[in-house]
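The values are calculated or read from the model by the stated rules, or taken from the named source; none is laboratory data. No experiment lies behind these values; they were computed from the predicted model shown. Glycine gets a Cβ as well: all are built from the backbone with ideal geometry, and neighbour counts include every protein chain shown. For accessibility, only protein heavy atoms count, side chains too; no ligands or nucleic acids. Shrake-Rupley method; radii C 1.70, N 1.55, O 1.52, S 1.80 Å.
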Amino acid sequence: MKIGIVCYPTYGGSGVVATELGLGLAKRGHEVHFITYKRPARLTTFHANVFYHEVTTEDYPLFEYTPYDTALASKLVDVVKFENLDLLHVHYAIPHAAVAYMAKKILLSEGRYVPVITTLHGTDITLVGNNNAFAPVVAFSINKSDGVTAVSESLKQQTYDYFDIHNDIRVINNFIDFERFRKVNKDHFKKAIAPNGERILVHVSNFRKVKRVEDVIHIFQRVYQRIPSKLMLIGDGPERHNLEELCRKLGLCHETRFLGKQDAVEELLAVSDLFIMPSQAESFGLAALEAMACEVPVISSNAGGLPEVNIHGKTGYLSEVGDVEDMARNAIHILENDEILRKFRINALEQARRFDIDNILPDYEAYYEEVVKTAVY
Ligand code: GMT
């Protein structure tokens, strides 16, 4: 098939999933066209079946905000027509689902039909989407999509709870590429980070409020009092300054490394003993799955889709959002005994295998076929 993929090209999980999906589909022989305002972060090298179309906007003194939606819709019309696409797959409802609907209508007025699939990723429904400023357009464009997928059962249910949706939503989970995410030997990193054999706790996120990174530090403080350990904080975002202040206040600066945004996050996961994800909301928790693929157990909140990924008592533990005492207790339980840690590592890897890209990609292909065959226009 010839597939157009629209996504946010920066470091967010939805852009990562969209890019990995496109690359995976291209490997399986499809022709994939990424249509975004910037080259997706994980689209760094040449691939024979992959094309990239940059959306450029015009600046004009009248515009306080450049009309990106209009530029994207025009680009979609152009690419669908001239590359002869069979399907548009847009990731993150805002504004992509609405823009794709507009492009579809323009093309239809010229006698050209292209079905649109929207994948819901999380905050497009839970945090931003149900805000009054966006809600009517989000609900409308989900209902007007020819196919809708959600990355977890929990997100599917939340979408039905928040909006009046009469379209079927198909759950297709996020996935992991084991060629990249696996435990590799990086002993020299381990020695540099934990020179005396300390346990290494890790957190990866965009440091937004919803991630509750301050809880990670409070959990680490409790673990550190009982077990020699280090904390790696990977990523960057608006909360970074407050987090650095908190580390200073708690006297944890020497034990905590702020590593910023990292491209090869799997190399750091390879030396980690425990992943912490205490999020307020999380539709799936791709970062936790990446850790599990590298044999790192997970201490997380029980928000959203996390219980579908992290299995309580097996791959890690789940606690109520904000219950740092419970999270710390569970972390200590896993970390204080080598044999327990080993079992959790094995279970984490086994659970991650359920989400192997090779198992999930065929679900997308089958869904594409189904939508192309059944779409009514
Ligand atoms: O977590 C973020 O803030 C980024 C966000 C995104 O849309 O890029 O992530 C969401 O999509 C990911 C990929 O499907 C999911 O793994 C994350 O759980 C989800 N984040 C939230 O629901 C907060």
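Taking only protein heavy atoms into account and a 1.4 Å probe, give the accessible area per residue of the chain in Å².
On a per-residue basis, the chain sits at 44 Å².
Residue 334 sits with roughly 0 Å² accessible to a 1.4 Å probe, with DNA, RNA and ligands left out of the calculation.
Which shape class applies to the stretch 306-348: rounded if a/c is under 1.5, otherwise prolate when a/b exceeds b/c and oblate if not, where a ≥ b ≥ c are the square roots of the Cα gyration tensor eigenvalues?
It is oblate, given that a/c is not under 1.5 and a/b is not larger than b/c.
Using just its DSSP H runs of length 4 or more, each adding -39500 (n - 2.57), the chain gives a mean residue ellipticity at 222 nm of -13500 deg cm²/dmol after division by all residues. The residues neighbouring residue 311, those whose beta-carbon lies less than 14 Å from its own, together hold a net charge of +3 under the Lys/Arg +1, Asp/Glu -1 convention.
Taking GluC sites (Glu not before Pro) across the stretch 1-74, the ones in a DSSP loop with at most 15 further Cβ atoms lying within 10 angstrom of their Cβ are 58, 64. Rounded to the nearest 10 degrees, the angle from helix 13-27 to the longest Cα principal axis of the chain is 70 degrees. DSSP beta bridges fully contained in the stretch 210-365 are about 0 percent antiparallel. Of the solvent-accessible surface of the chain, computed with a 1.4 Å probe and all protein chains present, 49% belongs to carbon and sulfur.
Residues whose amide H lies under 5 Å from that of residue 298, counting only those 5 or more places away or on a different chain, are 275, 316, 317; hydrogens are built 1.01 Å from N in the peptide plane.
Mind checking which lysines have their C-alpha under 17 Å from residue 104, skipping anything on the same chain fewer than 8 residues away? List returned: 2, 75, 81, 144, 373.
Taken as Cα centroids, the stretch 295-344 and the stretch 160-223 sit 12 Å apart, rounded to the nearest whole angstrom.
Summing charges over neighbours of residue 81, with a neighbour being any other residue whose Cβ is under 10 Å away from its Cβ, gives -2 when K and R count +1 and D and E count -1. The phi torsions of the stretch 119-136, fed into the Karplus equation with coefficients 6.51, -1.76 and 1.60 and a -60° offset, translate into couplings of 9, 8, 10, x, 5, 5, 10, 7, 9, 9, x, 8, 5, 4, 5, 10, 3, x Hz, rounded to whole numbers, with Gly and Pro shown as x. Using C-alpha pairs below 8 Å separated by at least 6 residues, the relative contact order for the stretch 196-353 is 24 percent.
With respect to the chain, whose longest principal axis is taken over its alpha-carbon atoms, helix 93-109 is tilted by about 20°.
Given the pairs 38/156; 314/343; 186/230, which are separated by over 20 angstrom at their Cα positions?
38/156
Going by accessible surface with a 1.4 Å probe and the largest first, 153, 179, 267 read 179, 153, 267. The mean sequence distance of close C-alpha pairs (under 8 Å, at least 6 residues apart), as a share of the length of the chain, puts its relative contact order at 13 percent.
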